[in-house]
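Bear in mind that the values in this text are calculations on the coordinates, not laboratory data. If you're wondering where the values come from, they're calculated on a predicted model, not measured in any experiment. Every residue, glycine among them, receives a Cβ derived from its backbone with ideal geometry; neighbour counts consider all protein chains shown.
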Amino acid sequence: MSRNEPLVMAEDAAPYEARRGRGRTKLIVLLASLVAVVAVASAFAVSSRPAFLDADTTTVAAEKAVATVDGVEVQFLPEYVGKAEAVTAKAGDLRGKGLRWRDKEGSRTVQVSVFHPRKVNNSNDILALNLMKAPVEPKKDGDPVVSQDGTDMLWMPKKGVLVRVTVSELAADDLEAIAKGVRVK
């Protein structure tokens, strides 16, 4: 073998090397695409999650409570509501305590109810109670169950505590803000 033979072999191997290079390029493009898809999906998942779920609802915040019902503090209420009225909360077979507020005309109402169910542990259990006419299935197990019309929300901020916030249709824009202000003592 002479020194020139490897050069000839390298020239003969050029088509193989080109194919090998294209395969690597395809692999790199595929991996980059996969990373991009995961990044976009993660960003969407974070932005579509209701903001109040990221708040710690098991501790008392520094804000002053507007009202307290059965160990649950309500820290936000719309300005238009009047004085609270204590009510017995009923939802299917569940019984609990609640507070209801109305505006002067009686057209906008807000109610915060607290239940202590023994057999409800997650969103699937809440759905199984069949308490809403048209619930939107939660994306994750810890997410709240919300009605399609945006007037009713149920979730478990703490084991053994089921909170329900209901509003009239005219107050639907305030549902999430009210829910975000709910804290368990």
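Pairs of alpha-carbon atoms within less than 8 angstrom and 6+ residues apart define the contacts here; what relative contact order does region 81-185 have, in percent?
Relative contact order comes out at 22 percent.
Can you give me the distance in nm between label points at Leu94 and Val136, each placed 7 Å from the Cα along the Cα-to-Cβ direction?
1.9
Using modelled amide H (1.01 Å from N, peptide plane; none on Pro or chain starts), what sits under 5 Å from the amide H of Ala84, excluding residues fewer than 5 places away?
Residues meeting the criterion, in which the H sits 1.01 Å from N, do not exist here.
Can you work out D for region 57-184 in µm² s⁻¹ from Stokes-Einstein, where Rh is the Kirkwood radius over C-alpha pairs, the temperature is 20 °C and the viscosity is 1.002 mPa s?
147
Using amide H atoms built 1.01 Å from N in the peptide plane, name the residues 5+ places from Val182, or on other chains, whose amide H lies under 5 Å from its own.
Those qualifying (amide H under 5 Å, at least 5 residues apart or on another chain) are Gln75.
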